[in-house]
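One structure is given here, and the rest of the page talks about it.
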Amino acid sequence: MDDLYRDVIVEHFKNPGYKGILDPHDISFEDENPLCGDHLRIDLRVDENNKVKEAAFSGHGCAISQASADLLLESIIGKSLDEVKKYTKNDVLELIGIELGPVRLKCALLSLKILKAGVYGLGEASDDLVEEE
């Protein structure tokens, strides 16, 4: 089963569906993982009902951080910002589907941290944003 998920990660890394920049955008936030140098920016457009209608990410990083961003953005299209705020670390790990060590876990959760900081309108991202509530 892990091989299937590894194939999904490689596919989303090589052929991301949500890579790019939205200009104009309603929400934008960027941050990095200083441990490995991954850097991501996430842009969102929302409709009049505060539902995500478009999402894009840009930046660079390892296959896990890039695939995680792509999978996460794919999963939030059509969701309200309130629903996005409820996303947890477990939601992202379920999307990825394989066990990750502590360093790779930071890579996988970078996109969630950035997404939530942007949706909450914070000045900076914190690891607390991805911890279980």
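Things to note:
- Tabulated pairs, segment 34-51, first farther than 18 Å from G118 by Cα, second hydroxyl-bearing (S, T, Y) and surrounded by 14 or more Cβ atoms within 10 Å (Cβ to Cβ), C-beta under 9 angstrom, 6+ apart or interchain: C36/S65
- Of the strands (runs of 3 or more DSSP E) entirely within segment 13-70, those holding at least 1 residues that are of a type in the set (S, T, Y) occupy 27-33, 52-60.
- Test: residue in segment 59-80 that is on the phi > 0 side of the Ramachandran plot, surrounded by 15 or more Cβ atoms within 10 Å (Cβ to Cβ), of a type outside the set (S, T, Y) and in contact with a helix residue (DSSP H, G or I) (Cβ under 9 Å, 6 or more places away or on another chain): yes
- Scanning segment 82-133 for residues that are hydroxyl-bearing (S, T, Y), assigned to a helix (DSSP H, G or I) and either under 12 Å from E32 (Cα atoms) or modelled with pLDDT of 95 or more (or both) yields a single hit, S111.
The values are calculated or read from the model by the stated rules, or taken from the named source; none is laboratory data. Nothing here was measured: the structure is a model prediction, and the numbers come from that model. We place every Cβ from the backbone using ideal geometry, glycine too, and count neighbours over all the protein chains shown.
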